[in-house]
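Since the structure comes first, as structure tokens, the remarks are kept for the end.
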């Protein structure tokens, strides 16, 4: 993990130096999450509804290519429903995506890049639809998550952006069953 953080620090320092010679912008963004996990690569859970909010900095390296780094707070997890009730896994992350953005058109963008995340809180709840048997347990997820983001969106000339992104988690949330995060994010952003 230290190697990844060092790499991200060096890369963001390089982008900051590059931004001084090219166009750059920063802003805030937030939106809606649909989060789930995939067990052993073949079974996906029900989705947990949540949100994300944070900051971004974008530095253009050419007229149609930029790098964007973000710092996001993201509500993730999953739900499992059956006849006995609903199990909900709630994990809150601080995520750091690093994205290569391509602008095939002046206002349309495609994005791809890695993401690392740190779980800052977690909670598990079981709702049996009968209050006597409701429980709240603590399972220890792995605090570190990583994966790949793919997305697209539209950005106006005034700096307002609408985007959709899919996060394909590659790190295990838990050791048992090898669950990996799967998150759809729908975002609205504003340049400062």
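The values are calculated or read from the model by the stated rules, or taken from the named source; none is laboratory data. Remember, predicted model here, so these are calculated numbers, not experimental data. Don't worry about glycine lacking a Cβ; one is built from the backbone with ideal geometry, like all the others, and counts go over all protein chains shown.
Laid out as a table, the results:
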quantity: Hits in segment 168-188 (condition: farther than 14 Å from residue 51 by Cβ and surrounded by 14 or more Cβ atoms within 10 Å (Cβ to Cβ)); calculated: 168, 169, 171, 172, 173, 174, 178, 179, 180, 181, 182
quantity: Any chance residue 30 is assigned to a strand (DSSP E or B), within 18 Å of residue 160 (Cα to Cα) and touching a residue at least 40 places away in the same chain (Cβ under 8 Å); calculated: yes
quantity: Selection status of residue 55, out of contact with any helix residue (DSSP H, G or I) (no Cβ under 7 Å at 6 or more places or on another chain), under 17 Å from residue 191 (Cα atoms) and at pLDDT 95 or above; calculated: yes
quantity: Qualifying position, being within 18 Å of residue 26 (Cα to Cα) and within 12 Å of the chain's Cα centre (by Cα), among 118, 98; calculated: 98
quantity: Count - residues of segment 148-191 that are in contact (Cβ under 8 Å) with a residue 40 or more places away in the chain, farther than 20 Å from residue 68 by Cβ and part of a loop (DSSP other than H, G, I, E, B); calculated: 4
quantity: Test for residue 61: is it surrounded by fewer than 19 Cβ atoms within 10 Å (Cβ to Cβ), in contact (Cβ under 8 Å) with a residue 12 or more places away in the chain and assigned to a strand (DSSP E or B); calculated: yes
quantity: Residue in segment 16-28 that is crowded, with 19+ Cβ neighbours inside 10 Å, within 24 Å of residue 189 (Cβ to Cβ) and modelled with pLDDT of 95 or more present; calculated: no
quantity: Residues of segment 152-167 that turn out to be closer than 12 Å to residue 32 by Cα and buried (at least 20 other Cβ atoms within 10 Å of the Cβ), as a count; calculated: 1
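Residues are listed down the side, and each one gets a yes or a no for (1) in a strand (DSSP E or B); (2) out of contact with any strand residue (DSSP E or B) (no Cβ under 6 Å at 6 or more places or on another chain); (3) without any contact (Cβ under 8 Å) to a residue 40 or more places away in the chain:
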position: 52; (1), (2), (3): yes, no, no
position: 90; (1), (2), (3): yes, no, no
position: 104; (1), (2), (3): no, yes, no
position: 110; (1), (2), (3): yes, no, no
position: 121; (1), (2), (3): yes, no, yes
position: 126; (1), (2), (3): yes, no, no
